[in-house]
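What follows is calculated from the coordinates using simple rules that are stated; it is not laboratory data. Because the structure is a prediction, the values reported are computed rather than measured. Heads up, the Cβs are rebuilt from the backbone with ideal geometry, glycines too, and the neighbour counts pull from every protein chain shown.
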Amino acid sequence: MACPAALADAPPAAPTGPPVVVDVAVVGAGALGAAVAWHLARRGAQVALLERCGAGDVWRAAGRAVWGEADAQPRLVDEAGVLWREIERETGASLLHTGCAGRQIRAGHAVAALTAAAAAWGAVLRHREPVRAIELQGGPGARLRTRTGTLHAWRVVLAGARPAELVPPRHRTRGPVVTAAAAGSFVVPALGRVLADSAECR
């Protein structure tokens, strides 16, 4: 499976004017971050998906691992199966395959498809855009300082262990920040839905 056009690297925009404002900034564009961005974007939220690595690097990092339903959280397996089929319809990708241990999906294909689906719904992908700092000033939202400028988000999702280091532990479970460090798995689109529910601006 070739890397989708939606994953092609584009040079980050130079900072201009006042900070950009979005509903939700998702930091970390692996499988979980892309799943959260997909759910939020298709609900109509303005979403920025920020990743320190290049898009192709993220896609390849998932590798040739296979995620199977047999190894996943049972309560989320059925929902994940339905969501993978939705992603297949939206992207035209062939993702789910049935093996001896039930339904399976290749990790690299999953990350590529989730990213393409999020972009198709309008999520803004900013690869090679490391977040340098997240400032919580006691008011609504947070300010994210990136390599090329400043972004204001009403909610922030830190999707992965490394992004979580950007915020002190006392701020990771309250306020505008939602943190999750789950590894990729068959149920990642369902986990993304749970996180999106928590992060959705109300």
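Taken along the Cα-to-beta-carbon direction at a fixed 7 Å, the label points for residue 79 and residue 132 span 3.8 nm. With Cα atoms as the point set, the range 34-133 shows a radius of gyration and Dmax of 14.2, 46 Å.
Of all beta bridges that DSSP places with both ends in the chain, some 45 percent have antiparallel geometry.
Angle of helix 188-199 to the longest C-alpha principal axis of the chain, folded into 0 to 90 degrees and rounded to 10: 30°. Of the three principal axes defined by the Cα atoms of the range 59-202, the extents in descending order read 52, 29, 27 Å. Of the peptides 89-98, 141-150, 42-51, the order by per-residue mean of other Cβ atoms within 10 Å, starting with the highest, comes out as 42-51, 141-150, 89-98. When each of the peptides 30-37, 112-119, 77-84 is scored by the mean number of other C-beta atoms lying within 10 Å of its residues, the order from highest to lowest reads 30-37, 112-119, 77-84. Structural descriptor for the chain: relative contact order 33 percent, calculated from alpha carbon pairs under 8 angstrom and at least 6 residues apart. Here the label points at residue 61 and residue 100, each 7 Å from Cα along the C-beta direction, are separated by 3.2 nm in the simple model. Calculated FRET efficiency, residue 70 to residue 162, Cβ-Cβ distance, R0 = 25 Å: about 0.30 to the nearest 0.05. With respect to the chain, whose longest principal axis is taken over its alpha-carbon atoms, helix 31-42 is tilted by about 80°. Of the residues 56, 113, 92, the one whose Cα sits farthest toward the positive end of the charge dipole of the chain, with +1 on the Cβ of Lys and Arg and -1 on the Cβ of Asp and Glu, is 56.
Amide H contacts of residue 66 (H built 1.01 Å from N, in plane; Pro and chain starts excluded): 107 sit under 5 Å, all sequence-distant by 5 or more or on other chains.
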